[in-house]
Amino acid sequence: MFRIVKKPRGWIVERQVFKYNFLGLHFWKVWRPFVKTSGMDCAWHHADQDYALMNLYHEINKQLITIK
């Protein structure tokens, strides 16, 4: 699941990730950045919501091409 949220620095694209405890008995959902800055583990802040949506589409296509 993906979402585009407004932060003070701009729009960011996040995806929902499931986390498990040690035994796998409990799980919870957290939101992590999906479109990231090149070479870093921080979110890419977009100036406009349309640009965030275009980058989400681009990242999904890039991942689908590697699956083929």
Quick one: if you stick a label point 7 Å off each Cα along the C-beta vector at Met40 and His58, how many nm between them?
1.7 nm
How long is the gain from Asn21 to Ile65 if the chain were fully straight, where each residue apart is worth 0.36 nm and the alpha carbon distance is subtracted?
12.6 nm
For the chain, what does the alpha-carbon gyration tensor say about shape, rounded, prolate or oblate, given a ≥ b ≥ c as the root eigenvalues, a/c under 1.5 as rounded, and a/b over b/c as prolate?
oblate
Of the options Trp11, Gln49, Leu23, report the single residue whose Cα projects farthest towards the positive end of the charge dipole of the chain (beta-carbon charges: Lys, Arg +1; Asp, Glu -1).
Leu23
What is the helix-to-structure angle for 49-67, meaning the angle in degrees between its Cα long axis and the longest Cα principal axis of the chain, kept from 0 to 90 and rounded to the nearest 10?
60 degrees
Sequence gap at least 6, Cα distance under 8 Å: using those rules, report the relative contact order of the chain to the nearest whole percent.
28 percent
Within the chain, how many Lys pairs sit with Cα atoms under 18 Å apart, leaving out pairs fewer than 8 places apart on the same chain?
4
Trp44's amide H: which non-local residues (gap 5+, or another chain) put their own amide H closer than 5 Å, with H modeled 1.01 Å from N in plane and none for Pro or chain starts?
Val13, Val35, Lys36, Thr37
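FYI, it's all coordinate maths here, none of it is from the lab. These figures come from a predicted structure and were not determined experimentally. Don't worry about glycine lacking a Cβ; one is built from the backbone with ideal geometry, like all the others, and counts go over all protein chains shown.
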